[in-house]
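Reviewing the structure listed below.
The values are calculated or read from the model by the stated rules, or taken from the named source; none is laboratory data. Nothing here was measured: the structure is a model prediction, and the numbers come from that model. Cβ placement follows ideal geometry from the backbone for every residue including glycine, while neighbour counts extend to all protein chains displayed. Just the protein is used for accessible areas: all its heavy atoms, side chains included, with ligands, DNA and RNA removed. Shrake-Rupley method; radii C 1.70, N 1.55, O 1.52, S 1.80 Å.
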Amino acid sequence: MKRILVTGAGGQIGSWLVPALRDAHGEEKVIATDVRYLGPELSEGGPFQVLDATDAKGVGQAVMRHRADTVFHLAAILSAIGEKDPRLAWHVNMSSLQAVLEVAREQGCAVFTPSSIGVFGPLTPKDPTPQDTLMRPRTMYGITKVAGELLCDYYHDRYGVDTRGVRYPGLVSYGAPPGGGTTDWAVEIYHKAVEHGRYRCFLGPDTQLDMMYMPDAVRAAMAIMEADADRLVHRNAFNVTAMQLTPERLAAEIRVHLPAFEIEYEIDPVRQGIADSWPDRIDDSAARAEWDWAPAFDAAAMTADMLSHLKT
Ligand SMILES: NC(=O)c1ccc[n+]([C@@H]2O[C@H](COP(=O)([O-])OP(=O)(O)OC[C@H]3O[C@@H](n4cnc5c(N)ncnc54)[C@H](O)[C@@H]3O)[C@@H](O)[C@H]2O)c1
(Lines give C-alpha, C1' and ligand atoms only; values in the text may rest on other atoms or scores of the structure.)
Protein backbone atom coordinates (compact mmCIF):
# COMPACT_ATOMS: atom_id res chain seq x y z
CA MET A 1 0.00 0.00 0.00
CA LYS A 2 1.78 3.09 -1.24
CA ARG A 3 -0.92 5.14 -2.98
CA ILE A 4 -4.50 4.57 -1.90
CA LEU A 5 -7.95 5.50 -3.22
CA VAL A 6 -10.98 5.27 -0.92
CA THR A 7 -14.56 5.18 -2.28
CA GLY A 8 -17.51 6.14 -0.06
CA ALA A 9 -14.97 8.00 2.09
CA GLY A 10 -17.51 10.22 3.83
CA GLY A 11 -19.42 7.44 5.59
CA GLN A 12 -19.19 6.02 9.09
CA ILE A 13 -16.09 3.92 8.30
CA GLY A 14 -14.40 6.21 5.76
CA SER A 15 -14.45 9.22 8.05
CA TRP A 16 -12.23 7.20 10.44
CA LEU A 17 -10.27 5.13 7.93
CA VAL A 18 -9.12 8.02 5.70
CA PRO A 19 -7.40 9.96 8.55
CA ALA A 20 -5.82 6.70 9.80
CA LEU A 21 -4.49 5.86 6.32
CA ARG A 22 -3.22 9.44 5.90
CA ASP A 23 -1.43 9.23 9.26
CA ALA A 24 0.19 5.93 8.26
CA HIS A 25 1.07 6.66 4.62
CA GLY A 26 1.12 10.46 4.23
CA GLU A 27 -1.69 12.93 3.40
CA GLU A 28 -0.95 13.17 -0.30
CA LYS A 29 -0.88 9.40 -0.76
CA VAL A 30 -4.54 8.87 0.15
CA ILE A 31 -7.29 10.23 -2.10
CA ALA A 32 -10.75 10.35 -0.52
CA THR A 33 -13.68 10.06 -2.95
CA ASP A 34 -17.44 10.05 -2.44
CA VAL A 35 -20.56 10.65 -4.51
CA ARG A 36 -21.10 13.83 -2.45
CA TYR A 37 -18.92 16.69 -1.26
CA LEU A 38 -17.55 16.01 2.22
CA GLY A 39 -16.75 18.36 5.07
CA PRO A 40 -13.40 20.16 5.18
CA GLU A 41 -11.64 17.53 7.33
CA LEU A 42 -11.85 14.84 4.63
CA SER A 43 -11.93 16.93 1.47
CA GLU A 44 -9.22 19.41 2.49
CA GLY A 45 -6.97 17.24 4.71
CA GLY A 46 -5.58 15.59 1.54
CA PRO A 47 -6.66 14.92 -2.04
CA PHE A 48 -10.44 14.66 -2.55
CA GLN A 49 -12.65 14.05 -5.57
CA VAL A 50 -16.39 13.72 -6.04
CA LEU A 51 -16.74 10.27 -7.64
CA ASP A 52 -19.71 8.00 -8.26
CA ALA A 53 -18.22 4.54 -7.69
CA THR A 54 -20.73 2.96 -10.08
CA ASP A 55 -19.10 4.96 -12.91
CA ALA A 56 -16.43 2.49 -14.09
CA LYS A 57 -14.80 5.04 -16.39
CA GLY A 58 -14.64 7.64 -13.63
CA VAL A 59 -13.16 5.12 -11.17
CA GLY A 60 -10.56 4.09 -13.77
CA GLN A 61 -9.55 7.69 -14.44
CA ALA A 62 -9.32 8.51 -10.72
CA VAL A 63 -7.14 5.46 -10.02
CA MET A 64 -4.90 6.29 -12.99
CA ARG A 65 -4.57 9.98 -12.14
CA HIS A 66 -3.74 9.22 -8.50
CA ARG A 67 -1.53 6.25 -9.53
CA ALA A 68 -3.28 4.22 -6.82
CA ASP A 69 -2.08 0.68 -6.09
CA THR A 70 -4.77 -0.05 -3.48
CA VAL A 71 -8.51 0.69 -3.37
CA PHE A 72 -10.56 0.63 -0.15
CA HIS A 73 -14.04 0.26 -1.61
CA LEU A 74 -16.49 1.52 1.03
CA ALA A 75 -19.31 2.96 -1.12
CA ALA A 76 -22.50 0.99 -0.50
CA ILE A 77 -26.16 1.11 0.52
CA LEU A 78 -26.63 -0.46 3.98
CA SER A 79 -29.20 -2.96 5.28
CA ALA A 80 -32.15 -0.88 6.50
CA ILE A 81 -31.96 1.61 3.58
CA GLY A 82 -31.52 -1.38 1.26
CA GLU A 83 -34.85 -2.84 2.39
CA LYS A 84 -36.53 0.51 1.64
CA ASP A 85 -35.09 0.58 -1.88
CA PRO A 86 -33.78 -2.87 -2.88
CA ARG A 87 -33.16 -1.93 -6.52
CA LEU A 88 -30.96 0.97 -5.48
CA ALA A 89 -29.04 -1.35 -3.10
CA TRP A 90 -28.44 -3.90 -5.86
CA HIS A 91 -27.42 -1.21 -8.34
CA VAL A 92 -25.01 0.70 -6.08
CA ASN A 93 -23.50 -2.31 -4.29
CA MET A 94 -22.98 -4.51 -7.35
CA SER A 95 -22.19 -1.93 -10.05
CA SER A 96 -19.66 -0.13 -7.89
CA LEU A 97 -17.90 -3.36 -6.88
CA GLN A 98 -17.75 -4.58 -10.45
CA ALA A 99 -16.37 -1.21 -11.56
CA VAL A 100 -13.68 -1.27 -8.86
CA LEU A 101 -12.69 -4.89 -9.59
CA GLU A 102 -12.41 -4.27 -13.34
CA VAL A 103 -10.24 -1.22 -12.74
CA ALA A 104 -8.14 -3.23 -10.28
CA ARG A 105 -7.69 -5.97 -12.89
CA GLU A 106 -6.68 -3.49 -15.58
CA GLN A 107 -4.41 -1.35 -13.40
CA GLY A 108 -3.02 -3.97 -11.00
CA CYS A 109 -4.53 -2.69 -7.73
CA ALA A 110 -5.24 -4.53 -4.50
CA VAL A 111 -8.83 -4.16 -3.26
CA PHE A 112 -10.33 -4.11 0.25
CA THR A 113 -14.10 -4.67 0.32
CA PRO A 114 -15.97 -4.77 3.62
CA SER A 115 -18.54 -7.53 3.81
CA SER A 116 -20.93 -7.90 6.72
CA ILE A 117 -22.64 -10.27 9.16
CA GLY A 118 -25.57 -9.51 6.81
CA VAL A 119 -24.30 -12.33 4.55
CA PHE A 120 -25.81 -14.80 7.01
CA GLY A 121 -29.47 -15.74 7.07
CA PRO A 122 -32.02 -17.57 9.20
CA LEU A 123 -30.67 -21.01 8.19
CA THR A 124 -27.09 -20.19 9.28
CA PRO A 125 -25.90 -21.67 12.62
CA LYS A 126 -26.24 -18.75 15.04
CA ASP A 127 -23.87 -19.42 17.94
CA PRO A 128 -21.15 -19.71 16.95
CA THR A 129 -21.41 -18.89 13.25
CA PRO A 130 -18.44 -20.59 11.54
CA GLN A 131 -16.18 -18.91 9.00
CA ASP A 132 -17.34 -21.26 6.25
CA THR A 133 -21.04 -21.99 6.54
CA LEU A 134 -24.47 -21.76 4.95
CA MET A 135 -25.23 -18.26 3.62
CA ARG A 136 -28.83 -17.69 2.49
CA PRO A 137 -29.57 -14.06 3.50
CA ARG A 138 -33.10 -12.71 3.09
CA THR A 139 -32.20 -9.02 2.72
CA MET A 140 -31.12 -7.33 -0.50
CA TYR A 141 -28.12 -5.99 1.41
CA GLY A 142 -27.09 -9.51 2.40
CA ILE A 143 -27.61 -10.79 -1.13
CA THR A 144 -25.29 -8.10 -2.51
CA LYS A 145 -22.71 -8.87 0.17
CA VAL A 146 -22.67 -12.63 -0.59
CA ALA A 147 -22.48 -11.91 -4.32
CA GLY A 148 -19.72 -9.38 -3.60
CA GLU A 149 -17.65 -11.90 -1.62
CA LEU A 150 -17.96 -14.42 -4.44
CA LEU A 151 -17.08 -11.81 -7.07
CA CYS A 152 -13.99 -10.74 -5.13
CA ASP A 153 -12.85 -14.37 -4.81
CA TYR A 154 -13.51 -14.83 -8.52
CA TYR A 155 -11.31 -11.86 -9.46
CA HIS A 156 -8.55 -13.26 -7.26
CA ASP A 157 -8.76 -16.82 -8.56
CA ARG A 158 -9.35 -15.94 -12.22
CA TYR A 159 -7.28 -12.78 -12.68
CA GLY A 160 -4.93 -12.74 -9.70
CA VAL A 161 -6.35 -9.50 -8.27
CA ASP A 162 -5.30 -9.16 -4.61
CA THR A 163 -8.81 -8.94 -3.12
CA ARG A 164 -9.30 -9.09 0.66
CA GLY A 165 -12.17 -8.39 3.01
CA VAL A 166 -13.72 -8.78 6.43
CA ARG A 167 -17.29 -9.43 7.54
CA TYR A 168 -17.82 -6.51 9.88
CA PRO A 169 -20.32 -6.79 12.70
CA GLY A 170 -22.24 -3.67 13.80
CA LEU A 171 -19.81 -0.77 14.13
CA VAL A 172 -19.93 1.79 16.93
CA SER A 173 -18.36 5.22 16.56
CA TYR A 174 -18.77 8.92 17.24
CA GLY A 175 -18.33 11.48 14.44
CA ALA A 176 -20.04 10.65 11.13
CA PRO A 177 -23.44 9.08 11.83
CA PRO A 178 -24.19 5.50 10.78
CA GLY A 179 -25.63 5.12 7.29
CA GLY A 180 -28.93 3.30 7.85
CA GLY A 181 -28.07 -0.17 9.14
CA THR A 182 -29.73 -2.56 11.59
CA THR A 183 -27.07 -2.00 14.27
CA ASP A 184 -27.44 1.81 14.29
CA TRP A 185 -29.13 1.51 17.70
CA ALA A 186 -25.72 0.82 19.30
CA VAL A 187 -24.56 4.28 18.17
CA GLU A 188 -27.81 6.19 18.78
CA ILE A 189 -28.04 4.86 22.34
CA TYR A 190 -24.87 6.74 23.38
CA HIS A 191 -25.98 10.02 21.78
CA LYS A 192 -29.41 9.86 23.43
CA ALA A 193 -27.90 8.80 26.77
CA VAL A 194 -25.70 11.90 26.84
CA GLU A 195 -28.31 14.31 25.41
CA HIS A 196 -31.54 13.12 27.06
CA GLY A 197 -30.67 10.39 29.56
CA ARG A 198 -33.07 8.00 27.82
CA TYR A 199 -33.32 6.02 24.58
CA ARG A 200 -36.17 4.37 22.70
CA CYS A 201 -34.69 1.29 20.99
CA PHE A 202 -36.03 -0.15 17.72
CA LEU A 203 -34.82 -3.70 18.58
CA GLY A 204 -36.05 -5.86 21.46
CA PRO A 205 -34.12 -5.97 24.79
CA ASP A 206 -32.54 -9.41 24.28
CA THR A 207 -31.59 -9.16 20.60
CA GLN A 208 -27.94 -10.22 20.58
CA LEU A 209 -25.58 -9.15 17.78
CA ASP A 210 -21.84 -8.95 17.25
CA MET A 211 -20.37 -5.44 17.56
CA MET A 212 -17.04 -3.67 17.25
CA TYR A 213 -15.68 -0.24 18.17
CA MET A 214 -14.50 1.76 15.15
CA PRO A 215 -10.78 1.97 16.09
CA ASP A 216 -10.70 -1.84 15.94
CA ALA A 217 -12.58 -1.85 12.60
CA VAL A 218 -10.01 0.53 11.12
CA ARG A 219 -7.13 -1.59 12.44
CA ALA A 220 -8.73 -4.69 10.91
CA ALA A 221 -9.01 -3.07 7.46
CA MET A 222 -5.39 -1.93 7.51
CA ALA A 223 -4.05 -5.16 9.01
CA ILE A 224 -5.64 -7.49 6.50
CA MET A 225 -4.30 -5.44 3.59
CA GLU A 226 -0.81 -5.70 5.07
CA ALA A 227 -1.08 -9.40 5.97
CA ASP A 228 1.35 -11.90 4.47
CA ALA A 229 -0.51 -13.32 1.42
CA ASP A 230 1.13 -16.72 1.93
CA ARG A 231 -0.68 -17.15 5.26
CA LEU A 232 -4.16 -16.38 3.85
CA VAL A 233 -6.33 -19.43 3.31
CA HIS A 234 -9.44 -17.26 3.11
CA ARG A 235 -9.77 -13.89 1.42
CA ASN A 236 -13.36 -12.73 1.02
CA ALA A 237 -14.29 -12.40 3.67
CA PHE A 238 -13.07 -13.05 7.24
CA ASN A 239 -15.44 -13.13 10.21
CA VAL A 240 -14.24 -10.50 12.72
CA THR A 241 -15.88 -9.54 16.00
CA ALA A 242 -15.07 -7.84 19.29
CA MET A 243 -18.13 -8.33 21.55
CA GLN A 244 -21.72 -9.55 21.64
CA LEU A 245 -24.30 -7.00 22.79
CA THR A 246 -28.00 -6.80 23.50
CA PRO A 247 -29.73 -3.46 24.13
CA GLU A 248 -30.19 -4.44 27.81
CA ARG A 249 -26.50 -5.31 28.22
CA LEU A 250 -25.32 -2.06 26.62
CA ALA A 251 -27.79 -0.06 28.70
CA ALA A 252 -26.26 -1.65 31.82
CA GLU A 253 -22.76 -0.62 30.65
CA ILE A 254 -23.98 2.96 30.12
CA ARG A 255 -25.53 3.01 33.63
CA VAL A 256 -22.05 2.40 35.08
CA HIS A 257 -21.32 5.99 33.98
CA LEU A 258 -24.85 7.48 33.85
CA PRO A 259 -26.85 5.68 36.58
CA ALA A 260 -30.15 7.43 35.72
CA PHE A 261 -30.09 6.26 32.09
CA GLU A 262 -33.35 4.67 30.95
CA ILE A 263 -34.12 2.51 27.93
CA GLU A 264 -37.54 1.75 26.47
CA TYR A 265 -38.56 -0.26 23.42
CA GLU A 266 -40.58 0.47 20.29
CA ILE A 267 -39.77 -2.43 18.00
CA ASP A 268 -39.44 -1.80 14.26
CA PRO A 269 -40.57 -5.09 12.67
CA VAL A 270 -38.37 -4.68 9.57
CA ARG A 271 -35.12 -4.12 11.47
CA GLN A 272 -36.07 -6.67 14.15
CA GLY A 273 -36.65 -9.22 11.37
CA ILE A 274 -33.23 -8.47 9.90
CA ALA A 275 -31.52 -8.70 13.30
CA ASP A 276 -33.27 -12.00 14.09
CA SER A 277 -31.88 -13.48 10.87
CA TRP A 278 -28.29 -12.55 11.81
CA PRO A 279 -25.88 -14.50 14.08
CA ASP A 280 -25.75 -14.22 17.87
CA ARG A 281 -21.98 -14.74 17.82
CA ILE A 282 -19.59 -15.22 14.92
CA ASP A 283 -16.45 -17.33 15.15
CA ASP A 284 -13.46 -15.22 14.06
CA SER A 285 -10.77 -17.86 14.67
CA ALA A 286 -9.74 -17.90 10.98
CA ALA A 287 -8.88 -14.18 11.13
CA ARG A 288 -6.98 -14.74 14.38
CA ALA A 289 -5.01 -17.64 12.89
CA GLU A 290 -4.32 -16.25 9.40
CA TRP A 291 -3.47 -12.58 10.12
CA ASP A 292 -3.34 -12.30 13.93
CA TRP A 293 -6.63 -10.43 14.33
CA ALA A 294 -7.37 -9.37 17.93
CA PRO A 295 -9.72 -6.57 19.03
CA ALA A 296 -8.55 -4.04 21.62
CA PHE A 297 -11.94 -2.79 22.89
CA ASP A 298 -14.58 -4.71 24.86
CA ALA A 299 -17.98 -3.26 25.81
CA ALA A 300 -16.69 -1.57 28.98
CA ALA A 301 -13.71 0.09 27.27
CA MET A 302 -15.82 1.16 24.29
CA THR A 303 -18.52 2.65 26.53
CA ALA A 304 -16.03 4.64 28.59
CA ASP A 305 -14.38 6.01 25.44
CA MET A 306 -17.64 6.78 23.60
CA LEU A 307 -19.15 8.63 26.57
CA SER A 308 -16.02 10.65 27.28
CA HIS A 309 -15.87 11.81 23.64
CA LEU A 310 -19.59 12.56 23.38
CA LYS A 311 -19.61 14.50 26.66
CA THR A 312 -16.87 16.79 25.40
N1 LIG B 1 -21.16 0.56 9.50
C2 LIG B 1 -21.38 -0.74 9.74
O3 LIG B 1 -21.87 -1.10 10.82
C4 LIG B 1 -20.98 -1.77 8.71
C5 LIG B 1 -21.04 -3.12 9.07
C6 LIG B 1 -20.72 -4.08 8.13
C7 LIG B 1 -20.27 -3.70 6.87
N8 LIG B 1 -20.22 -2.38 6.54
C9 LIG B 1 -19.79 -2.06 5.18
O10 LIG B 1 -18.76 -1.10 5.18
C11 LIG B 1 -18.87 -0.24 4.03
C12 LIG B 1 -18.93 1.20 4.48
O13 LIG B 1 -19.98 1.33 5.41
P14 LIG B 1 -20.32 2.69 6.16
O15 LIG B 1 -20.92 2.30 7.47
O16 LIG B 1 -19.17 3.63 6.15
O17 LIG B 1 -21.50 3.22 5.22
P18 LIG B 1 -22.14 4.69 5.16
O19 LIG B 1 -23.52 4.54 4.64
O20 LIG B 1 -21.93 5.41 6.44
O21 LIG B 1 -21.23 5.38 4.05
C22 LIG B 1 -21.30 5.02 2.70
C23 LIG B 1 -20.72 6.16 1.88
O24 LIG B 1 -20.83 5.79 0.51
C25 LIG B 1 -21.24 6.93 -0.21
N26 LIG B 1 -21.89 6.47 -1.43
C27 LIG B 1 -23.14 5.98 -1.62
N28 LIG B 1 -23.34 5.70 -2.92
C29 LIG B 1 -22.19 5.99 -3.56
C30 LIG B 1 -21.77 5.91 -4.91
N31 LIG B 1 -22.58 5.47 -5.88
N32 LIG B 1 -20.50 6.28 -5.21
C33 LIG B 1 -19.66 6.74 -4.26
N34 LIG B 1 -20.01 6.86 -2.96
C35 LIG B 1 -21.26 6.48 -2.63
C36 LIG B 1 -22.17 7.69 0.71
O37 LIG B 1 -22.23 9.07 0.33
C38 LIG B 1 -21.48 7.48 2.07
O39 LIG B 1 -20.57 8.52 2.35
C40 LIG B 1 -20.11 -0.74 3.28
O41 LIG B 1 -19.73 -1.64 2.29
C42 LIG B 1 -20.90 -1.45 4.35
O43 LIG B 1 -21.75 -2.43 3.80
C44 LIG B 1 -20.56 -1.41 7.44
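A few comments on the model shown:
- Here the chain is assigned +1 on the Cβ of each Lys and Arg and -1 on the Cβ of each Asp and Glu. Its dipole about the Cα centre then comes out at about 520 debye.
- Simple Cβ-charge dipole of segment 221-312, Lys/Arg +1 and Asp/Glu -1, about Cα centre, in debye nearest 20: 120
- Charge dipole of the chain about the Cα centre (unit charges at C-beta), most positive-ward option of Asn236, Met225, Gly58: Gly58
- For the chain, built as a Gaussian network whose Cα springs stay under 10 Å, the top-fluctuating residue of Ala32, Ala300, Ala76: Ala300
- Cα gyration tensor category, rounded, prolate or oblate, for segment 22-65 with a/c compared to 1.5: oblate
- Within the accessible area of the chain (1.4 Å probe), percent carbon and sulfur: 52
- Overall shape: prolate for the chain, with the ratio a/c of the largest to smallest alpha carbon gyration tensor axis at 1.5 or above and a/b above b/c.
- Residues of the chain: accessible area per residue with a 1.4 Å probe, Å²: 42
- Charge dipole of segment 240-280 (Cα centre as origin; +1 on each Lys and Arg Cβ, -1 on each Asp and Glu Cβ, all else neutral): 160 debye, rounded to the nearest 20.
- Ser308 accessible area, 1.4 Å probe, all protein chains in place, Å² to nearest 10: 60
- Of the whole protein surface, Ile263 contributes about 30 Å² of accessible area at a 1.4 Å probe radius.
- Rounded accessible area of Glu290 (nearest 10 Å², 1.4 Å probe): 20
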